[in-house]
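Everything on this sheet refers to the single structure shown next.
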Amino acid sequence: MHFHCEIVIPPTMDIEAAVTAVMKPFDANPDEESEDDSTHNAFWDFWVIGGRWAGHKLLAKYDEAKIDAFYKWLRTEEFTVSAVRSGKQQLSPESQIPKVDAKWNEMFPSAEFIPCPLFQHSNNQFGEGLSSTLPQDVSRLSEVLPGLRCSRVIFAKPSYDSETKELTGPLKAAWMICEEQWNGCNHMKVDWDGTFADALEKYRESLKMYREEYAAQVAPQDNWLVVTVDYHS
């Protein structure tokens, strides 16, 4: 199954490399170059930035009544979709796409023309790097709506560098929360309401046990980035 993850990272120009570093320890695929084949913490065998969840944060910014009005227009105009679904629905025949995109941008205008994020043609869900994204898939922390829902949230931090003796090493997961957790026997629900705001609050609460100087270095700031990740498990 495909799940929705949001990863919070410090500002960086190489977003793909940052996300790769954070996700690597949780890879379920055997590493032929490593002597350690342990995957007990693994939760994914494939991931991509954006993917099936591209546009999710963008959609969260729009009024639900207006989204419903757009769906009503689609039904009134009798648009059709493919009977086979893998991720987002796919308009079929594809000749319908220009009209749907035009209506979307009419109802939800923005600085740039955006393909309707509700449908598969809006992005390449298996694209590499940022080629699978839509606007807001990589956004600032200050731009994320508190009610945003997802399956998992990871807060990253720079690792300790033994040479500089500071937190200047590669990024690593500092704190993570998910809907369910495997306890070795069965999956159990986690005390989390599924919103980004609750995850952020719980992480900030956990930092209170650390020294003030350390907590200040790893606490997410408004300019930190929140990256939408589609992972398969």
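Whole number please: convex hull volume per residue, Cα atoms of the range 150-192, in Å³.
Output value, Cα hull per residue: 90 Å³.
Using the basic label-point model (7 angstrom from Cα toward the beta carbon), what is the GLN221 to ASP161 distance in nanometres?
The modelled label-to-label distance comes out at 1.7 nm.
How many angstrom lie between the C-alpha centres of the range 129-152 and the range 41-62?
For the range 129-152 versus the range 41-62, the Cα centre distance is 8 Å.
What does the charge add up to near PHE126, with Lys and Arg as +1, Asp and Glu as -1, over the other residues with Cβ less than 11 Å from its Cβ?
Value of the local net charge: -1.
Mind checking the angle between helix 97-107 and the chain's longest principal axis? C-alpha axes, 0 to 90 degrees, to the nearest 10.
Roughly 80 degrees between the two axes.
At 37 °C and a viscosity of 0.692 mPa s, what translational diffusion coefficient does Stokes-Einstein give for the range 116-159, taking Rh as the Kirkwood radius over Cα pairs? Give it in µm²/s as a whole number.
255
Quote the charge dipole size of the chain about the Cα centre in Debye, to the nearest 20; the model charges only the Cβ of Lys and Arg (+1) and of Asp and Glu (-1).
Roughly 880 debye for the chain.
Among the listed pairs LYS66/LYS202; LYS72/LYS202; LYS165/LYS208; LYS88/LYS157, which are separated by more than 27 Å between their Cα atoms?
Going by Cα-Cα distance, LYS66/LYS202; LYS72/LYS202; LYS88/LYS157 fall outside the 27 Å limit.
Mind checking the angle between helix 64-76 and the chain's longest principal axis? C-alpha axes, 0 to 90 degrees, to the nearest 10.
40
Relative to the Cα centre, what is the charge dipole magnitude of the range 56-122, using +1 at the beta carbon of each Lys and Arg, -1 at the beta carbon of each Asp and Glu, and rounding to the nearest 20 debye? Numbers along the way, then the final one.
On the way: 9 positive and 9 negative charges, 38 e Å.
For the range 56-122, the charge dipole is close to 180 debye.
What full-extension length gain, to one decimal in nm, is calculated for PHE46 and ALA197 as 0.36 nm per residue of separation minus the Cα-Cα distance? Each step should come with its number before you reach the end.
Numbers: separation 151, 0.36 × 151 = 54.36 nm, distance 2.62 nm.
Gain in length upon complete extension: 51.7 nm.
Please report the relative contact order for the chain, taking Cα pairs under 8 Å with a sequence separation of at least 6, and give it as a percent rounded to a whole number.
35
Bins of 10 Å, beginning at zero and ending with the bin holding the largest distance: percent of Cα pairs per bin for the chain, please.
7, 28, 33, 21, 9, 2, 0
Starting from the exponent 0.38 and prefactor 2.2 Å, build the expected Rg for the range 8-136 from its residue count and divide its actual Cα Rg by it.
1.31
Report Rg (one decimal) and Dmax (nearest whole number) for the range 87-182, counting Cα atoms only, units Å.
For the range 87-182, the Cα-based Rg and Dmax read 19.0, 59 Å.
Name the long-range amide H neighbours of VAL81: under 5 Å, sequence gap of 5 or more, or other chain; modelled H, no Pro or chain starts.
SER92
Compute the length gained on full extension between TYR71 and SER92: take 0.36 nm times their separation in residues and subtract their Cα-Cα distance, giving the result in nm to one decimal.
Extra length from TYR71 to SER92 when fully extended: 6.0 nm.
Sorted by packing (mean other beta-carbon atoms within 10 Å per residue), highest first, where do 13-25, 99-111 land?
13-25, 99-111
Step by step: find N for the range 56-122, compute 2.2 N^0.38 Å, then divide the Cα radius of gyration by it. What's the final number?
On the way: Rg = 11.6 Å, N = 67, 2.2 N^0.38 = 10.9 Å.
Rg over 2.2 N^0.38 Å, computed on Cα atoms: 1.07.
Laboratory data are not the source of any read-out in this text; all were calculated from the coordinates shown. This one's a predicted model, so the numbers in the text were calculated from it and none came from an experiment. Backbone-built Cβ (ideal geometry, glycine too); neighbour counts: all protein chains shown.
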